[in-house]
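Reviewing the structure listed below.
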Amino acid sequence: MDGSGTTEPAGRDNWLGSALVQLAVVVPLLAILVSSIPRHRSELTPSVAFFVAAVAVIDLIPVPGWGGLQLSLSFPVLLGVAILYEPSIAAGIAFLGSFDPRELRRGVSLLKAVWNRSQMALSILAGSAIYHRLAEPASPWTRMLPAILLAAVVAYGVNTLCVAVQTAVHRRLSVRSVLVKMHGRAPVEFLLSYLGLGMFGAVIARFYRVEGIWSVVVLLGPLVFARQMYFRSRALADRLAEQNEILAEQARKLEQLLEMEHHTIDELRELNRMKGEFVAVVSHELRTPVTALIGYAKTLQQPEFANDAAMRKEFLERMERQGDRLVRMIENLLTASRIESHQLPLSIGRVLFEDLVREVIESLAVPDARIRVSVPTDLPVIHTDRQLLSRVLANLLDNALKYSPDGPPCELGARAAGDHIVFWVQDHGIGIPPEELPRIFDRFYQVDSSSTRTFHGAGLGLSLVKDLLGHLGGSIDVESAPGTGSRFTVTLPVRIVADVSRTNVASST
Ligand code: ADP
C-alpha cells in the first residue's frame, strides 16, 4: 500500500493540519482496538502471532526499486486475516505487522510511525467489517468471493483516501490532484491488481482453515519469490526502456549529423563546381588581355607603323592599359589566395586618403572625365594598410566603371565620421536586382555568369573587398537598383583595431 515512510519536502508544508488529520485517524482507531480486542480475547490464538510475523517478514524483505505500480504481498495476507478474524483483531494484526524498523533509522516521528500503522489497520478494519457483514470465514466460495472482492476494494479505498487527504492537507494541494498523482496514470490497473490481491486473500484464508499455518507458509514462499522476480523484471524492463530511449535519441542525433553531412557534401560539390567554373573564367579573363597584347605587339612590328609616331603611342598606351588590367587581375588572384591561406600580413602606416585616391585612379588609366572625385582636404590621416585599402578602392572603382560603360561619370566621395571615415563609390550604370544583392559578396558569384555575358570579370572583386575590409576593421554597404546604378559605401576606422578579422556586410536597395 502507499504512503508509508515518505519523505516530506521542506517549505510551506502544513505540518499542523497534517498532524490533526493523522490524530483524527490514530486516536479513534486506537480507541476501537483497545476497547474491542479484549472482548474477543478468545480469538487471540498463537496463529495471530504467526500472521503478525508473516506480514512483518513479507514487508521487510527488500524489493528491488521500481517506480511503477506497488504490488504489496502483505495486503492479500491481511485480507486473508480480515476473513479469518473478527475486524478489531484483524486490524490489530495489521497494526503490529506493519511495524517497520527502517522508520527508526530514518528518524520518522512517533506520530508519523503510528499513523502509518493506523491507516493500514483502519483499511483492514473496514475491509474485515464489510466481509463479516456479507459472509463467514467458512462460507462457500460463491459467497466468499464477492464478499472478499468488495472488502478488498473498500480496504484499498480507505487506505488511498487516508493517504490522499493527509498528503493534500500537508502539501496544501487538492485531494483530487493527489489522487490523480497517486493512481491517475493507471487507475484500472490499480483496481484490478487489488481485486486480484483480494482473491489471494481468499485463497490464503481457505488454505489456513483447511491445512493450517504450514500451508500458508508453503503458499507465501513461492509468492514472495515471484514478487521478487516480478520487481526485478519490471526494473529490468524500465532500464531497457530507458536504454531504448537513449538509443533512439542517439539515432536521432546521428540522423541529424548525417543530414548535416549531406548538406556539407552538397556545399562542397557546389564549391567544386564553382571553382571549376572559376578556372575557366579566369583562363578566359587572362587570355583576353594577353591576346590583345600580342596583337598590338605584332601590329607594331609592321613596317607601316615604323614612322607613325601617333599610332605607335596609341598602341603602346593600349598595351599599357591591357598590361595594367592583367596585373590587377593577377594581384586580385594572389590576394585571394593569401586570404585563403591566412597569409595576409598587415603593414600599418599613415595614409592620406586624398593621395591614395589619386594614385588608384592613375593606375586605372581612364579618362579624367570618367570619375568625379569629391574628397575633402581636411580628412583625418588614416592609420591602415595602404596596399590593402588601395585594392578595395581599385576594385570598387573598376566595377563602377565596368558596369556603367555609357553612363554619366562615376562618383567617389568621402567624409569624416568621428573615429571613422566613410567613402563611397557611386555609378549610374546597370544596377543590381534586389534579389542578387545578398550574394554579390560571395566568392566567384556573378549576377550574369553566362558565357555570353557582356562584362568581363571573375566574380572575385567584391568578395575580396569584403575580406580586405574585414582585415582593416571596416564594413561595406550597398544600395542599388536596376537601371539606376549602384552605390557602395565603406566605413573604415581611422585607426585600425588590432584584432579585426571580420567585416559586416549590409545591403539595401
Ligand atoms: P566581377 O569580376 O564579376 O565584377 P565582383 O565580385 O566584382 O565580380 O562582382 C560580383 C557581381 O556583382 C558582378 O558580377 C556584378 O554582376 C555585380 N556588380 C558588382 N559591382 C557592380 C556595379 N557597380 N554595378 C552593377 N553590378 C555590379
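Summary of values
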{"item": "Members of the stretch 158-194 that are open to solvent by 20 Å² or more (accessible area, probe 1.4 Å), touching a residue at least 12 places away in the same chain (Cβ under 8 Å) and of a type in the set (Gly, Ala, Ser)", "result": "ALA186, SER193"}
{"item": "Top-ranked residue in the stretch 446-460 [being more than 7 Å from the ligand (Cβ to nearest atom) and over 11 Å from GLU277 (Cα atoms); ranked as modelled with the highest pLDDT]", "result": "HIS456"}
{"item": "Residue match in the stretch 139-148 (condition: buried (at least 20 other Cβ atoms within 10 Å of the Cβ) and in contact with a Leu (Cβ under 8 Å, 6 or more places away or on another chain))", "result": "yes"}
{"item": "Within the stretch 399-409, considering residues that are in contact with a Gly (Cβ under 8 Å, 6 or more places away or on another chain) and open to solvent by less than 40 Å² (accessible area, probe 1.4 Å), the one nearest to PRO482 (Cα to Cα)", "result": "SER404"}
{"item": "Residue satisfying condition, being closer than 30 Å to TYR445 by Cβ and open to solvent by less than 90 Å² (accessible area, probe 1.4 Å), within set PRO289, PRO222", "result": "PRO289"}
{"item": "Residue in the stretch 416-426 that is near the ligand (Cβ under 8 Å from one of its atoms) and buried (at least 18 other Cβ atoms within 10 Å of the Cβ) present", "result": "yes"}
{"item": "Pairs where the first residue, in the stretch 200-220, is closer than 19 Å to TRP141 by Cα and basic (Lys, Arg) and the second is part of a helix (DSSP H, G or I) and open to solvent by 20 Å² or more (accessible area, probe 1.4 Å), C-beta under 9 Å, 6+ apart", "result": "ARG206/TRP141; ARG209/LEU84"}
{"item": "Strands (runs of 3 or more DSSP E) lying entirely in the stretch 345-448 (those with 2 or more residues that are within 17 Å of GLU479 (Cα to Cα) and of a type in the set (Val, Ile, Thr))", "result": "420-426"}
{"item": "Given (1) closer than 15 Å to PHE488 by Cβ; (2) within 9 Å of the ligand (Cβ to nearest atom); (3) among the basic types (Lys, Arg), index of the condition ARG443 fails", "result": "(1)"}
{"item": "Filter result (open to solvent by 40 Å² or more (accessible area, probe 1.4 Å), at pLDDT below 90 and either in a helix (DSSP H, G or I) or not aliphatic (A, V, I, L, M) (or both)) within the stretch 49-74", "result": "VAL57, ASP59, LEU60, PRO62, GLY65, GLY67, GLN70"}
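The values are calculated or read from the model by the stated rules, or taken from the named source; none is laboratory data. Worth saying up front: this structure is predicted, and the values here are computed from it rather than measured. Ideal geometry is used to build each Cβ from the backbone, glycine not excepted, and the neighbour counts take in all protein chains shown. Accessible surface areas use protein heavy atoms only, side chains included; no ligands, DNA or RNA. Shrake-Rupley method; radii C 1.70, N 1.55, O 1.52, S 1.80 Å.
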